[in-house]
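This report concerns only the one structure given below.
The values are calculated or read from the model by the stated rules, or taken from the named source; none is laboratory data. Small disclaimer: the values here were computed from a predicted structure and weren't measured. Here the Cβ is made from the backbone with ideal geometry for all residues, glycine too, and neighbour counts use every protein chain on show. Side chains are part of the model used for accessible areas, which takes the heavy atoms of the whole protein and leaves out ligands, DNA and RNA. Shrake-Rupley method; radii C 1.70, N 1.55, O 1.52, S 1.80 Å.
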Amino acid sequence: MYLIAGLGNPTKEYEKTRHNVGFDTIDILADKHGIAVTEKKHKALCGRGIIGNEKVLLLKPQTFMNVSGESIRDAVDFYKIDPAHMIIIYDDISLEEGQLRIRTKGSAGGHNGVKSIIAHLGSQEFLRIKIGVGAKPDRMDLASYVLSRFSQTERVVMEDAFRDAADAAEMMLTDGAAAAMNRYNGKKEQQ
């Protein structure tokens, strides 16, 4: 079984913010594969289904971003999921809006949600899809920026990115991480 988790913050207050791009991507992936992400379990909203030939658990932690690791750890322990069979989808301010970067492991890179996951799992060895939300403007603090919403123009770009990220997650399951990296890393720059 694979765990595919999109990071974000619960409640209507945070819907469609930069920090919630993981939730937005899980919604698209769930829709595409007919998986209802409505079960309240593992401190998350979750749903089980099949993508490609793989059993998957789609997860939207409801613990708030900075303690996402609590929810991820609970699901990993319950289903006995190897961290190498996890795909974590989250925002990245070091990438242009809409750009994707897929990695097979690495540090948290300053992202508190990923930092929490690494701390709870004791491992950096998990797959990730980073979705660019653009650099923070000089005049704004980081928390305000990641909790802000996209403009209408930016949202159009981001909707494409969410579909690409969902497709990338699917490709990681069917063809492997290397194939997804070759296809999606730097895609926006090449256009």
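What to note about this one:
- Hits in the stretch 53-89 - residues which are of a type in the set (Phe, Trp, Tyr) and either within 19 Å of Thr25 (Cα to Cα) or crowded, with 18+ Cβ neighbours inside 10 Å (or both): Phe64
- Contacts under 7 angstrom Cβ, first residue in the stretch 149-163 being touching a residue at least 40 places away in the same chain (Cβ under 8 Å), partner surrounded by 13 or more Cβ atoms within 10 Å (Cβ to Cβ) and among the hydroxyl-bearing types (Ser, Thr, Tyr), 6 or more apart: Arg149/Thr17; Phe162/Thr25
- Hits in the stretch 30-46 (condition: under 16 Å from the mean Cα position of the chain (by Cα) and crowded, with 20+ Cβ neighbours inside 10 Å): Ala30, Val37, Ala44, Leu45, Cys46
- Yes/no for Ile50 being among the hydrophobic types (A, V, I, L, M, F, W, C), more than 15 Å from Val146 (Cβ to Cβ) and open to solvent by less than 10 Å² (accessible area, probe 1.4 Å): no
- Against the conditions (1) of a type outside the set (S, T, N, Q); (2) under 15 Å from the mean Cα position of the chain (by Cα); (3) closer than 20 Å to Val67 by Cβ, Gly122 satisfies every one except (2).
- When the stretch 79-93 is filtered for residues that are within 28 Å of Met158 (Cα to Cα) and modelled with pLDDT of 95 or more, the ones remaining, listed by number, are His85, Met86, Ile87, Ile88, Ile89, Tyr90, Asp91, Asp92, Ile93.
- Here Arg128 meets each of (1) open to solvent by less than 10 Å² (accessible area, probe 1.4 Å); (2) touching a Pro at 6+ places or on another chain (Cβ under 6 Å); (3) not hydroxyl-bearing (Ser, Thr, Tyr) with one exception, condition (2).
- Residues of the stretch 68-113 that turn out to be in contact (Cβ under 8 Å) with a residue 40 or more places away in the chain and on the phi > 0 side of the Ramachandran plot, as a count: 1
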